[in-house]
1. Residues in region 42-66 that are closer than 17 Å to residue 25 by Cβ, within 10 Å of the chain's Cα centre (by Cα) and either in a loop (DSSP other than H, G, I, E, B) or modelled with pLDDT under 70 (or both): how many?
2. Is region 18-26 home to any residue that is in contact with a helix residue (DSSP H, G or I) (Cβ under 8 Å, 6 or more places away or on another chain), surrounded by 13 or more Cβ atoms within 10 Å (Cβ to Cβ), in a loop (DSSP other than H, G, I, E, B) and at pLDDT below 95?
3. Return the residues of region 27-41 that are part of a strand (DSSP E or B) and loosely packed, with under 10 Cβ neighbours inside 10 Å; say none if nothing qualifies.
4. Name the residue that is nearest to residue 49 (Cα to Cα), counting only residues in region 1-17 that are among the aliphatic types (A, V, I, L, M) and loosely packed, with under 10 Cβ neighbours inside 10 Å.
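The values are calculated or read from the model by the stated rules, or taken from the named source; none is laboratory data. Here the structure is a predicted model, which means the values were calculated and not measured. Cβ sites come from the backbone with ideal geometry, for glycine too, and all protein chains shown count toward neighbours.
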Amino acid sequence: MKKGIHPKNYRLIAFKDMSNGDTFITNSTAETKDILEIDGVKYPLIKLEISNTSHPFYTGKMKLVDTAGRVDKFRTKYKKFLDTKK
């Protein structure tokens, strides 16, 4: 490894998959303002839309993960075009 290019401020951070609630803790330098308490210990929190515990490639289950309502927003916006094609 090259010397002097890697950050020195690694710390334990909690990552939470918002689609299924799974949480894991690992070292990271990511900045965050949210805090999560696990077993009486407070960790900085990074919220994920999808992780290896909910991604279809890893789970083997094909499901639509739409935490931000993007599909509904698209269907509403283009409803008149979608209805004419049927």
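1. Residues flagged as closer than 17 Å to residue 25 by Cβ, within 10 Å of the chain's Cα centre (by Cα) and either in a loop (DSSP other than H, G, I, E, B) or modelled with pLDDT under 70 (or both) within region 42-66 amount to 2.
2. No - not one qualifying residue is present in region 18-26.
3. The one that is part of a strand (DSSP E or B) and loosely packed, with under 10 Cβ neighbours inside 10 Å: 27.
4. Per the stated criteria, the residue is 5.
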